[in-house]
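S.K.: Supplied in structure tokens, the structure appears directly below.
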Amino acid sequence: MNVDKLKEEIIAYSKTIGIDKIGFATAEPFIELKERLKRQQQLNYQSGFEHSNIEERTHPELLMPGAKSFIAIAVAYPSKIKNPPKNEKENRRGIFARASWGRDYHDVLRDRLNKLASFIIERVPRADIQSMVDTGALSDRAVAERAGIGFSGKNCAIITPEFGSYVYLGEMVTNIPFSPDQPIEDSCGSCNLCIEACPTGALVQGGQLDSNKCLSFLTQTKDFLSLEYRDKIGNRLYGMDTCQIVCPRNKGIDFHLHHELEPDPEIAMPKLKPLLKMSNREFKEKFGHISGSWRGKKPIQRNAILALAHFKDKTAVGDLIQLMKEDPRPVIRGTAAWALGKIGDERALKSLKEAKEKEKDEKVLIEIDTGLKMLNNQPIS
């Protein structure tokens, strides 16, 4: 087997199946990453969504005995909606992060990796290959960085020379000993725009993220959101892009290369009020194909309530009152009560007082009291 010739064939084939960048790296342990991950755990900076076993995250041979190489891929996604809908006063809209526009990238990249794996197996039938996209044990960013896809920016994203950080990442580990590509030199330099722009201070320093403060993570949680973050979420329904938007490396970057990743404006920027009454079936039918739906409708609905409060949308008061009184989920009832206090009018005040007499859940009662205090301009503890 001529490995260098095979590598050339793989690179050429990757261009025909919708892979925008491809790189090769050794499957040696990620020693530096291992120490970083240990430090993250000690500081309690992890979100809980990560693979919990640091050894498996940093030692590829534990996932595949005999692992020799990585093949890393990147697929570019759009940063702009071609015909964005208007965010009108009585029809306010939320927004999904760019990484959730179009079809779920896990499906898109798995398809690309499966095709690539089949291509390799045809040429090397005894090859071992394991593919991963985001949910695998390995760090996609660490593999991509080693394989020369891009450098790891201070915003904790892989930044490519061609597509900025607007790329999805995937990788495969194999027992084929490919020659490695050269990593790209870090070029953030003295720029700290992403750190300065982070609304919650989640970017502790360049390349270090406190996930528990990150709005992208917080939009995906299912419980009550801490008071300190509710006003900062704005109209974000899932994820957040500020740390990418402010990056100079992303200036003018907007690639529309793959039809599966094109955003539907009505899904990427949906009206908020219809979300409040959406059934599970309706939610799956409309949003089930995007990555932002993976946590179900509850976080999206909670965030929609917060967005209506952000806009102080009085046209939503009736819907919020109904949620506060009738929804079976304490998080939704309580968040609606808080939002009514934030928006504020006579109906809200009357309904909060009525709800306080009937509500049994302690956490919801706290939210009702908070709403009443806001309406009465009292300090909130």
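The values are calculated or read from the model by the stated rules, or taken from the named source; none is laboratory data. Note that this is a predicted model, so its numbers are computed, not measured. Note that we place each Cβ from the backbone using ideal geometry, even for glycine, and neighbour counts take in every protein chain shown.
S.K.: Test each condition in (1) part of a helix (DSSP H, G or I); (2) farther than 18 Å from LYS80 by Cβ for GLN244 and report the one that comes out false.
M.R.: (2)
S.K.: If you take the residues of the range 329-367 that are of a type in the set (D, E, K, R) and closer than 20 Å to PHE311 by Cβ, which of them is farthest from the chain's Cα centre (by Cα)?
M.R.: The extreme case among them is GLU346.
S.K.: Would you mind finding the one in GLY206, GLY234, GLY170 that is buried (at least 16 other Cβ atoms within 10 Å of the Cβ) and at pLDDT below 95?
M.R.: Testing whether each residue is buried (at least 16 other Cβ atoms within 10 Å of the Cβ) and at pLDDT below 95 leaves just GLY206.
S.K.: Out of all the residues in the range 300-307, is one or more part of a loop (DSSP other than H, G, I, E, B) and over 19 Å from THR370 (Cβ atoms)?
M.R.: Scanning the range 300-307 turns up no residue that is part of a loop (DSSP other than H, G, I, E, B) and over 19 Å from THR370 (Cβ atoms).
S.K.: For residues that are surrounded by 21 or more Cβ atoms within 10 Å (Cβ to Cβ) and assigned to a loop (DSSP other than H, G, I, E, B), tally how many sit in the range 248-268.
M.R.: Qualifying residue count for the region: 1.
S.K.: What is the number of the single condition among (1) free of Cβ contacts under 8 Å to residues at least 12 places away in the same chain; (2) surrounded by 15 or more Cβ atoms within 10 Å (Cβ to Cβ); (3) more than 28 Å from the chain's Cα centre (by Cα) that THR370 does not meet?
M.R.: Evaluating THR370 over (1) free of Cβ contacts under 8 Å to residues at least 12 places away in the same chain; (2) surrounded by 15 or more Cβ atoms within 10 Å (Cβ to Cβ); (3) more than 28 Å from the chain's Cα centre (by Cα) leaves (1) as the failure.
S.K.: State whether one or more residues within the range 133-145 are more than 17 Å from the chain's Cα centre (by Cα) and not aliphatic (A, V, I, L, M).
M.R.: Yes: one or more hits.
S.K.: Return the total of residues in the range 104-118 being of a type outside the set (Ser, Thr, Tyr) and more than 17 Å from LYS21 (Cα to Cα).
M.R.: The total comes to 2.
S.K.: Quick one: which of ASP186, ASP254, ASP223 is within 18 Å of GLY102 (Cβ to Cβ) and of a type in the set (D, E, K, R)?
M.R.: ASP254
S.K.: Name, by its number, the condition in (1) more than 29 Å from LEU276 (Cα to Cα); (2) touching a residue at least 24 places away in the same chain (Cβ under 8 Å); (3) in a helix (DSSP H, G or I) that does not hold for SER131.
M.R.: With (1) more than 29 Å from LEU276 (Cα to Cα); (2) touching a residue at least 24 places away in the same chain (Cβ under 8 Å); (3) in a helix (DSSP H, G or I) applied to SER131, the lone miss is (3).
S.K.: Also, quick follow-up: Quick check: is even one residue across the range 311-321 part of a helix (DSSP H, G or I), more than 31 Å from the chain's Cα centre (by Cα) and within 19 Å of ASP223 (Cα to Cα)?
M.R.: no
S.K.: Being over 20 Å from TYR229 (Cα atoms), charged (D, E, K, R) and in a helix (DSSP H, G or I) narrows it down to one of LYS325, LYS360, LYS373, so name that one.
M.R.: LYS325
S.K.: Something else now. Here are the criteria: (1) crowded, with 20+ Cβ neighbours inside 10 Å; (2) closer than 20 Å to PHE217 by Cα. Tell me which single one ILE245 does not satisfy.
M.R.: (1)
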